[in-house]
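Worksheet for the structure shown next.
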Amino acid sequence: PYKGPLADEVFAKRKKFLGPSLFHYYQKPLNIVEGKMQYLFDESGRRYLDAFAGIVTVSCGHCHPEVLNAIMEQGKLLQHATTIYLHHAIADFAEALASKMPGNLKVVYFVNSGSEANELAMLMARLYTGNLGMISLRNSYHGGSSSTIGLTALNTWKYPIPEGEIHHVINPDPYRGVFGSDATRYAKEVQDHIDYGTSGNVAGFIAETIQGVGGAVELAPGYLKLVYDIIHKAGGVCIADEVQTGFGRTGSHYWGFETQGVIPDIVTMAKGIGNGLPLGAVVTTTEIASVMAQKIQFNTFGGNPVCSAGGLAVLQVLDKEKRQSHCDVVGSHLLERLKSLMHRHEIIGDVRGRGLMVGIELVTDRKEKIPAKAETAVLFEKLRELGVLVGKGGLHGNVFRIKPPMCFTKDDADFVVDALDYAISTL
Ligand code: PMP
């Protein structure tokens, strides 16, 4: 049994010594002290089904033995030396990652987080094109660092600072978007924005292929293909933010962008790539990478031996355990069951997503789509009481996000749906 400090003490210390912007889930925050595959355990030993994976980060499963072993074995030999010396781990990991990429995406940069990956991608886009303007989607999240905050387009995460030239275009959201699922009209809006809101040239376009923080919002089918053409004609490069959607989570494809039939010029990733290790990456073409060679680009921890050994193990485990097809099977089952709940509960306005990247949007009125903010908060607590930890998202916090470790089973999916069904019936 756990013998460490209890929730009250930890919470008090956190309030005293950590920044005031930290937020926590649940009225009485959980003190999570252990994790095992799709389960989390609190200080009392109570087990929770983890349907949010440390914010879509734990891909293989909490403390997956093979990933853990790779980290420990490397840690015993060498934790750190940086790329000023040779080490096989970073090279092996880069080779394995590049082999997962389509087209000419073969040059890998390792960083430590999603924000850093997007910072680097934006820098490359600007250097390569000689333009400044970046286009991102409303309702997107691309990071909280001082320059990625500009790409992020949710007021809840933005501090008022100078952001550089960044344009936020209408979100091609099939549920709430002004043009429904009509990708052509959303794409035309991007062209209009370039024509009327920029010099006519842009550095790049960035989008998540299913918006995560924004509430598991899929892009209108065919949108990226149309927009990538428009961006290329305006001299820009196209960046896919795969921080949440990569590594087979969407089930049908290894990368989220593949669901839209495009190949980006730059792909950014983090979270699932490390199963919990602080790890991010940018993958691009030789041609784009060449602009970085005009100066030194260095990252002290990027690709350090421990993270690289762990990251390589993650890629191998996901393949060995066939997690992509597993996400497809379990995710389809979960989506089907959730959609059938819509017949019974008016409050469920939309069920969406792919694989194990699922959103459930709650509304007080299906026609007006008024966010059921208060009800979502009550259900969220109720689900925790029932032993299920889900995520919350969307600007109004009225979307449940089910994005569990990828070892999540059909039985786990059934448990989540049954718990939600019961919780709603008690409202
Ligand atoms: N991109 C996306 C799509 C994300 O969801 C996040 C984190 N929620 C980031 C970038 C930033 O990642 P990090 O928190 O590792 O900086």
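The values are calculated or read from the model by the stated rules, or taken from the named source; none is laboratory data. Keep in mind that this is a model prediction, so the values were computed, not measured. So basically every Cβ, Gly included, is an ideal-geometry build from the backbone, and we count neighbours across all protein chains shown.
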Looking at segment 101-156 only, could you name the residues that are in a strand (DSSP E or B) and either more than 11 Å from the ligand (Cβ to nearest atom) or over 30 Å from PRO305 (Cα atoms) (or both)?
VAL107, VAL108, TYR109, PHE110, MET134, ILE135, SER136, LEU137
Got a number for residues in segment 328-378 being assigned to a helix (DSSP H, G or I), over 18 Å from GLN211 (Cα atoms) and either among the small types (Gly, Ala, Ser) or touching a residue at least 60 places away in the same chain (Cβ under 8 Å) (or both)?
12
Selection over segment 391-416 where residues are over 15 Å from ARG352 (Cβ atoms) and touching a residue at least 40 places away in the same chain (Cβ under 8 Å) yields a count of 14
Is there a residue in segment 277-285 that is surrounded by fewer than 23 Cβ atoms within 10 Å (Cβ to Cβ) and away from the ligand (no atom under 16 Å from the Cβ)?
yes
Within segment 59-71, tally of residues that are outside any loop (DSSP other than H, G, I, E, B) and under 20 Å from the mean Cα position of the chain (by Cα):
1
Taking the stated definitions as given, is PHE257 within 13 Å of the ligand (Cβ to nearest atom) and of a type in the set (Phe, Trp, Tyr)?
yes
Looking at (1) within 13 Å of the ligand (Cβ to nearest atom); (2) aliphatic (A, V, I, L, M); (3) buried (at least 24 other Cβ atoms within 10 Å of the Cβ); (4) in a loop (DSSP other than H, G, I, E, B), can you tell me which one ILE206 breaks?
(4)
Number of positions in segment 291-310 that are closer than 13 Å to TYR109 by Cβ, among the small types (Gly, Ala, Ser) and assigned to a helix (DSSP H, G or I)
2
Considering only residues that are modelled with pLDDT under 95 and buried (at least 17 other Cβ atoms within 10 Å of the Cβ), which ones fall in segment 154-178?
none
Selection status of ASP241, free of Cβ contacts under 8 Å to residues at least 24 places away in the same chain and either within 15 Å of the ligand (Cβ to nearest atom) or not aliphatic (A, V, I, L, M) (or both):
no
Only one of (1) more than 23 Å from GLY35 (Cα to Cα); (2) surrounded by 17 or more Cβ atoms within 10 Å (Cβ to Cβ) does not apply to SER113, and that is (1)
Can you find a residue that is closer than 27 Å to GLY143 by Cα, in a helix (DSSP H, G or I) and of a type in the set (Val, Ile, Thr) anywhere in segment 72-88?
no
Output for Cβ contacts, cut-off 6 Å, separation at least six or different chains, first residue under 11 Å from ALA309 (Cα atoms) in segment 52-74, second outside any helix (DSSP H, G or I) and more than 16 Å from the ligand (Cβ to nearest atom), reads VAL67/CYS60
Can you tell me how many residues within segment 379-418 are more than 25 Å from GLN211 (Cβ to Cβ), in contact with a helix residue (DSSP H, G or I) (Cβ under 8 Å, 6 or more places away or on another chain) and of a type in the set (A, V, I, L, M, F, W, C)?
1
Does GLY200 satisfy being within 24 Å of GLY355 (Cα to Cα), in a loop (DSSP other than H, G, I, E, B) and either in contact (Cβ under 8 Å) with a residue 12 or more places away in the chain or of a type in the set (Val, Ile, Thr) (or both)?
no
Search segment 105-158 for residues being over 29 Å from ASP195 (Cβ atoms) and of a type in the set (Val, Ile, Thr), and hand back the single one that is farthest from the chain's Cα centre (by Cα).
VAL107
